[in-house]
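Novice: Take a look at this one; I'll ask things after.
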Amino acid sequence: MLQVSLLVAVAAVVAFVLWGVRYLANDRVGIVEKRWSASGSIEHGVIALRGEAGFQPYLLRGGLHWLMPLQYKVHRVPLVTIAQGSIGYVFARDGAPLGQTQALGANLVADDFQDAEGFLGKGGQRGPQRRVLREGTYAINLAQFVVLTRERVYSVNLERDEDAIVRRMVATIEARHGFTPVVFEGAADEVGIVTVHEGPSLSQGELIAPIVGDEPNDGARYHNNFQDPERFLAAGGKRGRQLQVLTEGTWYLNCLFATVERIAKTVLEVGTAGVVVSYTGHTGADLSGTDYKHGELVSRGARGVWSEPLLPGKYAFNTYAGKVVAVPTTNFILKWNRREVGAHRFDENLAEVSLITKDAFEPSLPLSVVVHIDYRKAPLVIQRFGDIKRLVEQTLDPMVAAYFKNIGQTRTLIELIQDRSAIQARASEEMKAKFAHYNLELEEVLIGTPTSAGADSHIEMILAQLRQRQIAEEQIETFQQQQKAAVQERALREAVARAERQKALTESELQVDIERNKGRADYQRALEQAAQIRALAEAEADKAARIGVAQAVAVEEQVRAYGGPRFQVVERVMSRFAEAVEKSGAELVPRVMVGSMGDKGVGVIEGLMALMVSEKLGDVEVLPKTEGEGVRLREALRASLAAPPNAGASRGAQ
């Protein structure tokens, strides 16, 4: 029995011990809630700092823990995780109450809200906190703190009222994009105007909170561009819109403490200067002098018109603390013309100047005035007039109009038109002093053509007459020039004709020279041909002579061979006779032979026939027997050779 009781007791002890064991995973924490305590219950707040019943300030981390069963309850909650590029906001359930001017709880010594006991023991305040959580994982007692992130709300046992407060905080943060840092990129050319919702109010008359903590080496005043609210307030920062602006970078701001408005940078283009009119700052000494009564000209940083203008560039200027008036430093044109407006539009309300001339005409005169402003004098111009357009409309317009009205009264309409150049030069000189009085530099005055005002057409009539007169004068001049041109043209044509004749004469002279040279060449060629022919003739004669000599020698030899010259002559005569007989077609033996038979022997015909027969037969030799017969034979042959071809036939017929 005793043993059984002992075993039961041991089992009960083991069960009691096991009942009190609590296991926590490493990614979770345990929030301990004490159900009863000898010290009683807590009287104020939520966290029991002296062992009372209620939520305990410490946490249980991952592992095995033993707690008294029934006395303690462990709430297992995840670790608080803030994602990269996100911001976590903390709401403290317990702590000192907020001050009357506070909107957020102060936390000067808390270690990222992971030490609830230290937070409460060192004066931590309840409510939404000024400090925010950056990226990372935190072991936070969610019974004391409620953590708000973009993804979820970390808390334990929220009551209905607390849940409503937390939801309103989440909605406010979402509306202000407070779960992400404020990022300014260089390409955007923007600056951030910061409005602080915490701290003492501005003094009477102040429009914007001055810069605090502008000494980076002073740790007590430096607030790292509103990222450390505690230091900002400790350095004397005030509630409201701040003079200091945010520029390029990433800034982790508590949007419940400070909000940011984005505005464009102030850009001054080349050819302009920026005159700063500051609405805030200390009261500075007037630099314009006692004789100047158009406002205060102060040094940079003071309230008023800064004496030093801003040069071309980009500026992170807080437009709530002042304004920058852009003043053109290049020449600009003001046009007194309803139909034209200058590039800067300072003259969009200007119109032509109405004149009354000496001869009672009422023309409208368009004008253009070229003006320059020295950038060093730009603050004086803005100090006196406020802006350039007001200067043009309230000062320059009436001054210029009055000046040209005075000019118009001293001249007729025609003089006003014809003397425009002289009037321009005079106006440019006389009006420079007037413009210099207003710190302006007049470069040039340009006058247009007067026009009729309203329905009056007399000016157009006069201008038309002047145009007709000018056209007539131009025509006279044109006719004179044409006459001169005609004379010149006639002279030119004569010169051209003379030049053409000269060309023909020159060509004829050249042709004569050519023919003369050609005749000389032909004569010389003829001489050369004659010489050549003479040489050829001489050569031919010489050759013929040589051939004749050779033939003579050959003939002589032949003659010698055939019986001497007598026989040779007879042979040649007979050959010719035979050819003549053959060509004439005469019969060799005539049908009728008529001849004489003398006592003296054979006649001429008989002799010739005998010779021909002897030649043909070759074996009969007919020779004259006497010298007288030979003589007669030769004469007969000579006569027959000299007679016409038909003479012999006629005689034969007779």
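Novice: Can you list the HN-Hα couplings for the range 313-324, worked out from phi with the Karplus curve (6.51, -1.76, 1.60; θ = phi - 60°), rounded to whole Hz and with x for Gly and Pro?
Specialist: Couplings: x, 10, 9, 7, 9, 7, 6, 7, 9, x, 9, 10 Hz.
Novice: Arranged from highest to lowest average of other beta-carbon atoms within 10 Å per residue, in what order do the peptides 247-260, 138-151 appear?
Specialist: Highest mean packing first, the order is 138-151, 247-260.
Novice: Where nothing but the Cβ of Lys and Arg (+1) and of Asp and Glu (-1) is charged, how large is the charge dipole of the range 266-327 around its Cα centre, in debye to the nearest 20?
Specialist: Dipole magnitude for the range 266-327 comes out near 180 debye.
Novice: Say the dipole of the range 28-175 comes from +1 at the beta carbon of Lys and Arg and -1 at that of Asp and Glu; which of Gly54, Val170, Val74 then lies farthest toward its positive end?
Specialist: Most positive-ward Cα: Val74.
Novice: Please list, in chain and number order, the residues 5+ apart from Val298 or on another chain whose amide H is under 5 Å from its amide H, with Hs placed from the backbone.
Specialist: Leu287, Val305, Trp306, Ser307
Novice: Give the residue list of GluC sites (Glu not before Pro) in the range 19-87 that are DSSP loop and have at most 15 other beta-carbon atoms within 10 angstrom. Intermediate values should be presented prior to the final figure.
Specialist: On the way: sites: Glu33, Glu43, Glu52; in loops: Glu43, Glu52.
Passing both the DSSP loop test and the Cβ count: Glu43.
Novice: Please list, in chain and number order, the residues 5+ apart from Phe55 or on another chain whose amide H is under 5 Å from its amide H, with Hs placed from the backbone.
Specialist: Lys34, Ala48
Novice: How large is the charge dipole for the range 408-469, taken about the Cα centre, if only the Cβ atoms of Lys, Arg (+1) and Asp, Glu (-1) carry charge, to the nearest 20 debye?
Specialist: On the way: 7 positive and 9 negative charges, 39 e Å.
Around 180 debye, computed over the range 408-469.
Novice: Based on Cβ point charges of +1 for Lys and Arg and -1 for Asp and Glu, what charge dipole magnitude is obtained for the range 182-264 about its Cα centre, in debye rounded to the nearest 20? Please list the in-between numbers first.
Specialist: Values: 6 positive and 12 negative charges, 63 e Å.
In debye, rounded to 20, the range 182-264 gives about 300.
Novice: Going by amide H atoms built from the backbone, whose H comes under 5 Å of the H on Arg411, apart from near neighbours?
Specialist: Result for Arg411 returns Lys358.
Novice: Past the 18 Å Cα-Cα mark, which pairs from Lys358/Lys432; Lys335/Lys389; Lys358/Lys434?
Specialist: From the list (Lys358/Lys432; Lys335/Lys389; Lys358/Lys434), the Cα-Cα distance tops 18 Å for Lys358/Lys432; Lys358/Lys434.
Novice: Still on this model: Could you tell me which of Ser354, Thr319, Thr272 has its Cα farthest along the dipole of the range 267-372 towards the positive end, charges placed at Cβ (Lys, Arg +1; Asp, Glu -1), taken about the Cα centre?
Specialist: Thr319
Novice: Sticking with this structure for a sec: Around Ala351, what is the net charge, scoring Lys/Arg as +1 and Asp/Glu as -1 over all other residues with Cβ under 14 Å from its Cβ?
Specialist: -2
Novice: Residue by residue through the range 383-392, which ³J(HN,Hα) values in whole Hz follow from phi under the Karplus form 6.51 cos²θ - 1.76 cosθ + 1.60 (θ = phi - 60°), with glycine and proline marked x?
Specialist: Those phi angles translate into 4, 7, 10, x, 7, 6, 5, 5, 4, 5 Hz.
Novice: Once you have the Cα-Cα distance between Ile211 and Arg35, take 0.36 nm times their residue separation minus that, and quote the gain in nm to one decimal.
Specialist: Using 0.36 nm per residue and subtracting the Cα-Cα distance, I get 58.1 nm.
Novice: Now for a different question. Tell me, what HN-Hα J-couplings in whole Hz come from the Karplus equation 6.51 cos²θ - 1.76 cosθ + 1.60 at θ = phi - 60° for each residue of the range 32-40, using x for Gly and Pro?
Specialist: 8, 10, 8, 7, 9, 7, 5, 7, x
Read-outs throughout are calculated quantities, based only on the coordinates presented, and are distinct from any laboratory measurement. Predicted, not measured: the structure shown is a model, and the values here were computed from it. Neighbour counts are summed over all protein chains in view; Cβ atoms, including those assigned to glycine, are modelled from backbone coordinates with ideal geometry.
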